[in-house]
Structure formats: structure tokens, C-alpha cells
Amino acid sequence: MPNPNLIPPIAKAINKGELPLGVFNSPELFELEKEHLFAKSWNFLAHESEIPNAGDYVQRYIADDSFIVTRDKQDAIHVVLNACRHRGRKVCSVEKGNARNFSCPYHGWVYDLDGALIDIPYEDEGYGKDAIDHADWGLMAAPKMGIWRGMIFANLDPNAEPLDDYLGDAKWYMDFYTNKSEAGLEVYGVPQRWVVDADWKLAADNFVGDGYHTFITHASTIQAGMLPAQSGDFLLDGVQVALEHFGIGFARQDPLFNSLAYPPPMMEAMRQRFNPEQVSLMDNGVSLPTHANLFPNLSFLNAPGAYTAMAPPAPYMTFRIWRPLAAGKTEIWSWCMVEKDAPEEFKQASYKAYLISFGTSGTLEQDDAENWSQISLPAKGTMASKLSLNYSMGNGLLEPMDDWPGPGNAYPLDFTEFAQRAFWKKWITTLEGK
Amino acid sequence: MPVTDSLFREIEAFIYHEAELLDNHQHNEWLDLWDEQASYRMPVRVTHTKRQKDQEFQEKFGHFDETKEMLGMRVKRLSTSTAWAEEPQSRTRHFVSNLRINALDNGQYELKTNLMLYRNRLDDAGHDLLSAERHDVIHQVNGEWRFLKRTIYMDQATLGTLNLSIFL
């Protein structure tokens, strides 16, 4: 049994602007997280564009639980547990496809696209006629599911607040990523998947509010030209916003970063779609937002990437899930997202910029994951696990901006750690069941 | 079309030479083996049912989808002192085998090779093992062999390595 007394000392530490290193490789905390955090949070699974046609499905995970996300013949989307009700075998063994129904290879129970039980072989002989009420034995639906801007989420807690309420004020910021064009986003290709010896929380902690690391972690990528910034501290005097469950960073000073290099017609379309307060940010020297994380483990990044001297840098966008596999072990799912109605040449350019920057071979991603593994592996040491990490950046130095038009507390630097401290406070209250 | 024994040996020596350059981290010399118009791709593989197996490799979406210029940017990054994913460098060994050669009638040759790539880092006693089939197209420029095209078909859908800071 995990020890619930683990949490109060961590809560005490973060209130002082500190954190014990051991949180990044603790099997006990991992068990608590599975039970009390991932089972009670809104988890991103898929984007609608991944299953455009009736019968399309993808297999997705919440920690160890496998789900099938399907589109039925009435165009409704379902999230069902990928486990036969007879012996629990996965009824879907593949990552993606199109099916009329799901048939269990063990004893042949058949389920409809919405999870309803259609057939039990030899039912009358084995169970007796009408002895089993099929309505009671369909694939289990995720207790809650929700879709926002084509993003499909599920929550394993039947008492969870609706997705829309959970997103709350974060939607004001997620608009920048999801509402740039009339047609919205689509997944370009499929998610890339790979496994790293790093704790999921390090990745979330980085994306939620680490504007600080770029000048050193990503120095080589700036030097070699893929990251078009005049210097590595392009987020220094940007803006960081901390909400309880969401953190986001805007770059400011670097002309190469401003507007993230979208072509003028796309910029114009954004201006039409964003509200006046959102547009006002774009007119005040702030870039479109770059990094963000929605608690617990859905991260966003929108940034420019250079892949050729023959064309200007292209903006790319990625959604990513840090799927926890074990303490200090994460499967990364990285989606390349692009505006569905963008010109094909823009999509191509955005894809290339993504590829050289993020994902399995992305040059920024490579150095991030190297850092996170070099934290997670040693974090289990007897002495190291108790090491107090400094999480105090910005404490006593910065006050929230009073002229910021968006929700949450905004700070006039992205070299600060307000959003990270908010992440940890949310992590603590979630594990405490508050 | 099949090739003569002596040509087979020559091409075989070329691909062994390439593997040696990679394992020795001689990235600039490796880059010189690529034609200016070269493409270097690793399509993402997705597990599908046997019936839908034709959709297994993503035509339009890769782990790599490089021009020579992009390869050059990656090589340039590796030459800096702050490419942390390769500082210190991965220890790799490219085991290349099962060479098959098909001569085309335009002076180009299609190669298929099997690749077993061993990768070890830092003081870890373990390793990553990446297995793939590579489809190459090569030709000669001024008497030197050059790669025009490489497509890497990985034997994994979820990659079991920290990153692709190495070339396959």
C-alpha cells in the first residue's frame, strides 16, 4: 500500500519554493498517481481528425488502462475500455484501423462500435436462453468523456466535473493553439511514440513553465540554425501565466519569434477569430504563446522551426502526452498538429519544421529528454531522493501584471517558476483528494 | 537486374564504409556520401490488422523526412559542444547484412539491407537494439558512390530508444 504520509512534506517544501528530488523516481508516488491522479483527471486521448470515418478507431491509454476510441455509424464518438467482459482479453490489438465491430479472439464475444455486446457464441447452449442481459455486459465506457475543439478526453472518475468546466479559464489560452482557423486543427500523420527513462512530471514541469532552460539546453539548436532566435534567452522577458491547472509562456523580445512566422493570410484569419483581448496581446509585442501544459500531462508547443535556407522558418505545433509507465519511465506521444484548411505547402513546411525540432528525431526534444533522464535516473538515490531542489524563481521578485487582459496571474518574465509551483500545488491537492 | 560479383563487392564495401563512418562519429565525411538531391526517410510505423497492413507505414509522416540540407543541419548541431543528447556520444555499432542489389537501367542501383543497430550510452550496462530494413538508391558521381535515397523501415511501432540523435 502506498503511504499517504508521503505528500505533506512535499506540500510543505513547495510552499517554501523547494521540492525533494525523489518525486521524480518514486514507485510509491507512482502508485498514488495512478490511483488518485490519472484516474481522477481529464486525460487527452485523441483528436477527432484521427478517426474521420464511421468505424474508424484508435487504441489509446490512460496510464496502464487501454481504451478504444471509436466513431460509430451515427458519427458519435465513444471511449470504451479495451477489455472483453468474459475473460478481459484486449478486443483490439492494433493501434489504429477501421472495423464493423470488435470480436474477442479468445471466445468470440462480439461488441459494436459503441461497446454494446452483440453476440456471445453458443450463448443458449452455455448460459441458457435469455439468461444474460446483453445490456449489462458491453465494453465498459470510460465513466466520463468530453470533446473540446475536436480534442477527445476521458475521465475515470464518474463524479468528475464536466470537461468544459475543468478546462475553464485555460480555454482562453488554448484558443491560441486551437482556434487559428475556421476549419480548426487536424493531426498531420499519426502520433510518434517512444519510451524514455524519465519521469512524466519532468516533462510537464518543463512545458508548464520552463522558459529558463532554452539558452543552455537548446544552445546547439540555435547555433545550427533550426531554432530561429537571435539568442537562447528569447523567453526571458516574455510572459508566464499561471492558472491552477494550466501554465503557459509567451516569448516577447525576439523579432524572429514574434507571430511565430505564420504567413500573413493565416495571421489575418487569426485576428478575425480571436477576441479583442487576445488580439491586443498580438499587438503588444508578445508572440503567440509557445509552451503550455494542461494538468496533468497534456503539453502544447507552438514555435518556429527552420529546416532550409530556401524558405523562411515555419511555425509548427505539437500536442503531447507524457504517459506514465512507471516511476521514472514515460512513453511520449507526440502529435504534429496543423490547421486543416491551411495550404498544402504550409502543412509540408510546418511538418518539416516540427520534425527537425520535436518528436523522436527533433533536435530540441533530444536534449530535453536527455536532461530529464539524467534527473530521473539518479533521483532514486538514498541521499539524492532527499535533495532539496530550488523552486523559488520569481518569489518575492515579481507581482502579477495588473494590465494583462487574460485570466490567471501573468508575470512579466518567462524566466520564472510560478507556473511550475502551481503545477506542483495542483499535483499535491489532487493526490490529497482535494 | 542482378550485378556482377565484382560490382556486388564494390557496393558492399561502400555500405560497410558508410557504417564505419557513422560508428566513428565522422558525420561530415558521412554527409559527403549523400547526393545533393538525396532524401532520407523513416516512415512512422503503425500497428494495423493484417487486413489493413498496407497502411502500416505512413507515406507522408516520418521519424525522419530529410533533405540533404536538413541532414547537414543535424550534423552541424552534432559538431557543437552543446548537443547534450550526444555529449558524451552514443556508442553505436551498425551491423549491416543481407545485401540485395537490383541494377536499374538508368545507372542507379536499388539496395536492400538489414540493419541491427546497437546503441549504448554513458555507464549503463544495458543497450538499445534497433532493427530495420533499409531501402537505398545509389549512383555514381565522378566515379564515387553516392546515396540518392534511403528509406528506413523500423521493426518497431513504439521506438525503444531515448531519441534519434543517431543516424541509421
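Looking at B:48, B:25 in this structure, which one is in a loop (DSSP other than H, G, I, E, B), more than 29 Å from residue B:120 (Cβ to Cβ) and either of a type outside the set (A, V, I, L, M, F, W, C) or at the interface with chain A (Cβ under 10 Å from one of its Cβ atoms) (or both)? Lay out the reasoning, then the answer.
Numbers: B:25 fails: more than 29 Å from residue B:120 (Cβ to Cβ).
Answer to the check: B:48.
Can you tell me how many residues in segment A:140-178 are in contact with a strand residue (DSSP E or B) (Cβ under 9 Å, 6 or more places away or on another chain) and under 21 Å from residue A:292 (Cα atoms)?
Adding up the residues that qualify gives 22.
Among the candidates B:89, B:55, single out the residue that is within 13 Å of another protein chain (Cβ to nearest Cβ) and either at pLDDT below 95 or at positive phi (or both).
Checking each option against the conditions leaves just B:55.
For segment A:1-111, which fully contained strands (runs of 3 or more DSSP E) count at least 1 residues that are acidic (Asp, Glu)? Break it down stepwise before answering.
Numbers: elements: A:18-20, A:43-47, A:56-62, A:65-71, A:77-81, A:96-98.
Where strands (runs of 3 or more DSSP E) fall fully within segment A:1-111 and carry at least 1 residues being acidic (Asp, Glu), they are A:18-20, A:56-62, A:65-71.
Name the pairs: first residue in segment A:173-193 and over 19 Å from residue A:407 (Cα atoms), second residue of a type in the set (Ser, Thr, Tyr) and assigned to a loop (DSSP other than H, G, I, E, B), Cβ to Cβ under 7 Å, at least 6 apart or on different chains?
Filtered contacts from segment A:173-193: A:192/A:360; A:193/B:158.
What residue, among those in segment A:207-227 that are within 14 Å of another protein chain (Cβ to nearest Cβ) and crowded, with 21+ Cβ neighbours inside 10 Å, is farthest from residue A:296 (Cα to Cα)? Full working, then the answer.
Kept after step one, since they are within 14 Å of another protein chain (Cβ to nearest Cβ), are these residues of segment A:207-227: A:213-227.
Restricting the remaining residues to those that are crowded, with 21+ Cβ neighbours inside 10 Å gives A:214, A:218, A:220-222, A:224, A:226-227.
Working: A:214: 22, A:218: 25, A:220: 30, A:221: 28, A:222: 30, A:224: 33, A:226: 29, A:227: 27 Å.
The qualifying residue farthest from residue A:296 (Cα to Cα) is A:224.
Kindly list the number of the only condition in (1) among the hydrophobic types (A, V, I, L, M, F, W, C); (2) within 23 Å of residue A:420 (Cα to Cα); (3) in contact with a Phe, Trp or Tyr (Cβ under 6 Å, 6 or more places away or on another chain); (4) away from chain B (no Cβ under 14 Å) that fails for residue A:198.
The number of the failed condition is (4).
Which residue pairs have Cβ atoms closer than 7 Å, lie 6 or more positions apart in sequence or on different chains, and pair a first residue in segment A:417-434 that is farther than 16 Å from residue A:166 by Cβ with a second residue that is surrounded by 23 or more Cβ atoms within 10 Å (Cβ to Cβ) and among the aromatic types (Phe, Trp, Tyr)?
A:418/A:411
Filtering segment A:243-271 down to residues that are out of contact with any strand residue (DSSP E or B) (no Cβ under 8 Å at 6 or more places or on another chain), part of a loop (DSSP other than H, G, I, E, B) and over 23 Å from residue A:424 (Cα atoms), which residue is modelled with the highest pLDDT?
By that ranking, first place goes to A:263.
Restricting to segment A:177-236, give me the number of residues that are over 30 Å from residue A:428 (Cα atoms) and of a type in the set (Ser, Thr, Tyr).
Residues meeting the conditions: 5.
Quick check on this structure: which one of B:59, B:36 is assigned to a strand (DSSP E or B) and closer than 21 Å to residue B:159 by Cα? Steps first, please.
Working: B:36 fails: closer than 21 Å to residue B:159 by Cα.
None of the other options fit; the residue is B:59.
Among A:88, A:97, which is loosely packed, with under 14 Cβ neighbours inside 10 Å, of a type outside the set (Ser, Thr, Tyr) and either more than 21 Å from residue A:193 (Cβ to Cβ) or touching a helix residue (DSSP H, G or I) at 6+ places or on another chain (Cβ under 7 Å) (or both)?
A:88
If the requirement is being away from chain A (no Cβ under 14 Å), under 21 Å from residue B:17 (Cβ atoms) and touching a strand residue (DSSP E or B) at 6+ places or on another chain (Cβ under 7 Å), which of these qualifies: B:131, B:97? Working first, answer last.
Details: B:131 fails: under 21 Å from residue B:17 (Cβ atoms).
Within the list B:131, B:97, the selection yields B:97.
Read through the list (1) crowded, with 23+ Cβ neighbours inside 10 Å; (2) at negative phi, then give the number of the only condition that residue A:328 fails.
The single condition residue A:328 does not satisfy is (2).
Residues are listed down the side, and each one gets a yes or a no for (1) at pLDDT below 95; (2) not small (Gly, Ala, Ser):
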site: A:177; (1), (2): no, yes
site: A:191; (1), (2): no, yes
site: A:204; (1), (2): no, no
site: A:209; (1), (2): no, no
site: A:232; (1), (2): yes, no
site: A:241; (1), (2): no, yes
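Which residues, counting only those in segment A:413-434, are assigned to a loop (DSSP other than H, G, I, E, B) and crowded, with 16+ Cβ neighbours inside 10 Å?
Initial filter on segment A:413-434 (assigned to a loop (DSSP other than H, G, I, E, B)): A:413-417, A:432-434.
A:413, A:414, A:415, A:416, A:417 - these are the residues of segment A:413-434 that are assigned to a loop (DSSP other than H, G, I, E, B) and crowded, with 16+ Cβ neighbours inside 10 Å.
Assigned to a strand (DSSP E or B) and within 10 Å of another protein chain (Cβ to nearest Cβ): does that describe residue B:42?
On the way: assigned to a strand (DSSP E or B): yes; within 10 Å of another protein chain (Cβ to nearest Cβ): yes.
Taking the combined requirement at face value, the residue satisfies it.
Against the condition of a type in the set (A, V, I, L, M, F, W, C) and within 13 Å of chain B (Cβ to nearest Cβ), how does residue A:102 come out, does it pass?
Numbers: of a type in the set (A, V, I, L, M, F, W, C): yes; within 13 Å of chain B (Cβ to nearest Cβ): yes.
So residue A:102 fits the description; yes.
For residue A:382, state whether it is within 12 Å of another protein chain (Cβ to nearest Cβ), polar (S, T, N, Q) and farther than 14 Å from residue A:202 by Cα. If you could, list the steps in order and put the result at the bottom.
On the way: within 12 Å of another protein chain (Cβ to nearest Cβ): no; polar (S, T, N, Q): yes; farther than 14 Å from residue A:202 by Cα: yes.
Spelling it out, it is not the case that residue A:382 is within 12 Å of another protein chain (Cβ to nearest Cβ), polar (S, T, N, Q) and farther than 14 Å from residue A:202 by Cα.
The values are calculated or read from the model by the stated rules, or taken from the named source; none is laboratory data. These figures come from a predicted structure and were not determined experimentally. All Cβ positions, glycine included, derive from the backbone under ideal geometry; neighbour counts span all protein chains shown.
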